[in-house]
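See below for the structure under consideration.
The values are calculated or read from the model by the stated rules, or taken from the named source; none is laboratory data. Note that the structure is a prediction, hence the values are computed from the model and not measured. Neighbour counts run over all protein chains shown; Cβ positions are idealised from the backbone, glycine included. Remember, those area values only see protein heavy atoms, side chains included, never the ligands or the DNA or RNA. Shrake-Rupley method; radii C 1.70, N 1.55, O 1.52, S 1.80 Å.
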Amino acid sequence: MSIRRYALAALASAVFAGSAVAKDFTLLNVSYDPTRELYQDYNAEFISYWKKSHPGDTVKINQSHGGSGKQGRSVIDGSPADVVTLALAGDIDEIAKLGKTLPADWQTKLPDASTPYTSTIVFLVRKGNPKGIHDWADLIKDGVSVITPNPKTSGGARWNFLAAYGYGLKSNGGDEAKAKEYIGKLFKHVPVLDTGARGSTITFVNNGQGDVLLAWENEAFLALKEGGGADKFDIVVPSLSILAEPPVAVVEKNAEKHGTTEIATEYLKHLYSKEGQEIAAKNFYRPRDAEVAAKYEKQFPKLNLLTIDKDFGGWKSAQPKFFDDGGVFDQIYIPQ
Amino acid sequence: MSRRISPVIPGFGLTLGYTLVYLSLIVLIPLAVMFIHASQLSAAQFWNIVTAPRVLAALRLSFGTAFFAAIINGVIGTLLAWVLVRYTFPGRKIIDAMIDLPFALPTAVAGIALTALYTPTGFIGQFAADMGIKIAYSPFGITLALTFVTLPFVVRTVQPVLADIPREVEEAAACLGAKPLQVFRHILVPALLPAWLTGFALAFARGVGEYGSVIFIAGNMPMKTEILPLLIMVKLDQYDYTGATAIGVMMLLVSFVLLLLINLLQRRIETPN
């Protein structure tokens, strides 16, 4: 721990303590499904960080979790969220478009396209990998059953879908028809479509369904960590996956109304600090900070990652093409 | 000037006023808002949404499974009511109280419990799987969940009517030479049928709209095990508010027509001429 930072904090509190009036803050962080544990840890860290410079304040942070689309909609419909930390930029875009509680250029407000941590999509398989699943091609072998949530309702499932589609493209030299054929075959192997990532994890882990779970890397690590999961499951890293970028934003109109703009902004900015990045890494999110990333290098396997912006033209073009009504996902199920 | 006949409960104006305000706030205004929202669509757009193959598949599934669940409870529920009314045995009061449990239990809890039991690896589901029957993640599982949540309706509507039929009537019929089947057909069925139909209609309507318990056991596969309420949720999660209300309106209309038919049927039974 650096002494200099403590000295700075002490100085800052000395300067502000005289003038600042103690305030009570309650923040609502509306987040997506698998970030429960991350934000429980982070909230404790942030509260102690804030109190260093604002010793008189009381800060309470409430969390809300669910499928990313559902969470986005609750904010549009008037949930008093001060900050949103959702699974993909597309959902925050919708809040900007339909709810008009934050500006359209929200993603430029914080570094790294407002994404303080990233993740990717990996496979979780039964211990010893009895079906011999090593890459995307193995998922469409006979007798393999795949668990993934519904991409219409789950942000994580959209990353799953795009990673699989990306594999379909790369392995067929960019042939879209072949990629669609691959993804169609893949979803023939999916027996259940839960509405959120956590629901799929429960289906796979607790209800014992399926041979492989397509999961957020952090969710897969968590499944290993909890309840003796390491004895029951293995993580398989495919040859190719996607860089999942879950962004964060202050819901400006709400924060203004609540008088929480300053603390809400600081709440998100602190995610980029060394402490915030450490907590992200400990909760199995890939940190942006190079130093912290180097420290946790062993935890996160290196693999080829597609990105939503370079390989799929951003969410603004991927969402309608793949997931809107009549898109690639619908075409799998509805006879043309 | 004719004198007003004063009703049993005084204050007609006041009571009707309360009734209308209450109905408006609780039922009419929310439903009207839905219709207003859906009216942003042209007739052709509305038709396109509600006749999309995925919506039609969900419509068949929702109404079909709700119908079967109501039929199952119609038979088993009548039997339960019969046992509870006509016999006294130790533990009858406890069983009687248990009938209402599906109402008290959060439906999500019921759904999770049923799913855990009936998945192909679950406690009961494994035996079904051995016989090649898939319960969870199939329409069968949906019917099962609906049967659970709608169990109380038929029992609770038939029970009081059955209790009011004096046993003497059956005995008299038997004395006059009616065989048991004839007593059932000519004495019990006509007396019970209106109440039974009410219970059936309630169970059916509840089953069509049920979400919480079904969502866990259904599997939620488009075209196969996706129920209409889920489709509405899916549309909402895609920020397609008008599409969701269009399906909602369609569900409401279909349910209304079916309930109206059941009511008419009931009236015909009650006044045979």
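The residues of the stretch A:201-213 that are of a type in the set (A, V, I, L, M, F, W, C) and open to solvent by 10 Å² or more (accessible area, probe 1.4 Å), listed by number, are A:Ile202, A:Val205. Against the test of being open to solvent by less than 10 Å² (accessible area, probe 1.4 Å), of a type in the set (Gly, Ala, Ser) and either in contact with a helix residue (DSSP H, G or I) (Cβ under 6 Å, 6 or more places away or on another chain) or not assigned by TED's automatic domain parsing to the domain that holds A:Ala281 (or both), the options A:Ala230, A:Ala249 yield a single qualifying residue, A:Ala249.
When the test is whether a residue is out of contact with any Pro (no Cβ under 7 Å at 6 or more places or on another chain), surrounded by 24 or more Cβ atoms within 10 Å (Cβ to Cβ) and either closer than 30 Å to A:Lys178 by Cβ or of a type outside the set (Phe, Trp, Tyr) (or both), A:Val144 does not pass it. Looking at the stretch B:83-98, which of the residues that are in a helix (DSSP H, G or I) and free of Cβ contacts under 8 Å to residues at least 24 places away in the same chain is nearest to B:Val158 (Cα to Cα)? Looking at residues that are in a helix (DSSP H, G or I) and free of Cβ contacts under 8 Å to residues at least 24 places away in the same chain, I get B:Val83. Within the stretch B:141-152, identify whether any single residue is among the aliphatic types (A, V, I, L, M), open to solvent by 30 Å² or more (accessible area, probe 1.4 Å) and either out of contact with any helix residue (DSSP H, G or I) (no Cβ under 6 Å at 6 or more places or on another chain) or without any contact (Cβ under 8 Å) to a residue 40 or more places away in the chain (or both), and answer yes or no. Among the residues of the stretch B:141-152, at least one is among the aliphatic types (A, V, I, L, M), open to solvent by 30 Å² or more (accessible area, probe 1.4 Å) and either out of contact with any helix residue (DSSP H, G or I) (no Cβ under 6 Å at 6 or more places or on another chain) or without any contact (Cβ under 8 Å) to a residue 40 or more places away in the chain (or both), which makes the answer yes. So, in the stretch B:216-231, how many residues would count as being surrounded by 22 or more Cβ atoms within 10 Å (Cβ to Cβ) and more than 7 Å from every other protein chain (Cβ to nearest Cβ)? Residues meeting the conditions: 9. Of these, A:Arg126, A:Arg158, A:Arg198, which one is open to solvent by 40 Å² or more (accessible area, probe 1.4 Å) and within 12 Å of chain B (Cβ to nearest Cβ)? Criteria check complete, one pass: A:Arg126.
On the given criteria, is A:Glu256 open to solvent by less than 10 Å² (accessible area, probe 1.4 Å), away from chain B (no Cβ under 14 Å), farther than 29 Å from B:Ala129 by Cα and of a type in the set (D, E, K, R)? Considered against the rule, which asks whether it is open to solvent by less than 10 Å² (accessible area, probe 1.4 Å), away from chain B (no Cβ under 14 Å), farther than 29 Å from B:Ala129 by Cα and of a type in the set (D, E, K, R), A:Glu256 comes out as no. The residue pairs whose first member lies in the stretch B:55-76 and is in the same structural domain as B:Val158 (by TED's automatic domain parsing), whose second member is charged (D, E, K, R) and open to solvent by less than 10 Å² (accessible area, probe 1.4 Å), and whose beta carbons are closer than 6 Å, counting only pairs six or more residues apart or on different chains, are B:Ala58/B:Glu226. Go through the stretch B:160-200 residue by residue and tally those that are touching a Phe, Trp or Tyr at 6+ places or on another chain (Cβ under 9 Å) and within 11 Å of B:Ala81 (Cβ to Cβ). Residues that pass the stated criteria total 3. Tallying residues that are touching a residue at least 12 places away in the same chain (Cβ under 8 Å) and within 14 Å of B:Phe63 (Cβ to Cβ) within the stretch B:231-273 yields 10.
Taking the criterion of being at pLDDT 90 or above and touching an Asp or Glu at 6+ places or on another chain (Cβ under 7 Å), the only residue of the stretch B:168-195 that qualifies is B:Pro194. Since A:Gln319 meets every condition but one in (1) over 18 Å from the mean Cα position of the chain (by Cα); (2) open to solvent by 20 Å² or more (accessible area, probe 1.4 Å); (3) not assigned by TED's automatic domain parsing to the domain that holds A:Ile92, which condition does it not meet? Tallying (1) over 18 Å from the mean Cα position of the chain (by Cα); (2) open to solvent by 20 Å² or more (accessible area, probe 1.4 Å); (3) not assigned by TED's automatic domain parsing to the domain that holds A:Ile92, A:Gln319 fails exactly one: (1). Within the stretch A:28-37, the set of residues being at pLDDT 95 or above and of a type outside the set (S, T, N, Q) comprises A:Leu28, A:Val30. Under the condition of being open to solvent by less than 60 Å² (accessible area, probe 1.4 Å) and outside any helix (DSSP H, G or I), the residues counted in the stretch A:279-304 number 11.
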